[in-house]
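Q: Pasting a structure here, questions to come.
The values are calculated or read from the model by the stated rules, or taken from the named source; none is laboratory data. For clarity, every value in this text was computed on a predicted model and none was experimentally measured. Here Cβ is always computed from backbone atoms with ideal geometry, including for glycine, and neighbour counts include all displayed protein chains.
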Amino acid sequence: MSTWIVTDDWPRPVPVTEAEIEVFEQWFGDLFDELFGPEG
């Protein structure tokens, strides 16, 4: 068995655009509301 080393070159924090957040909210909004409560 071999050992794998995983590395990344992503910046910290990883940049996220407003458009990407909106996509997640559209697709997973109901799940987020269930997990964290509705926005209010």
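Q: Among the numbered conditions (1) at pLDDT 95 or above; (2) surrounded by 10 or more Cβ atoms within 10 Å (Cβ to Cβ); (3) not aliphatic (A, V, I, L, M), tell me where E18 comes up short.
A: For E18, the failing item is (2).
Q: Next question. Return a yes/no flag: does the stretch 14-28 have any residue that is of a type in the set (F, W, Y) and assigned to a loop (DSSP other than H, G, I, E, B).
A: No: zero hits.
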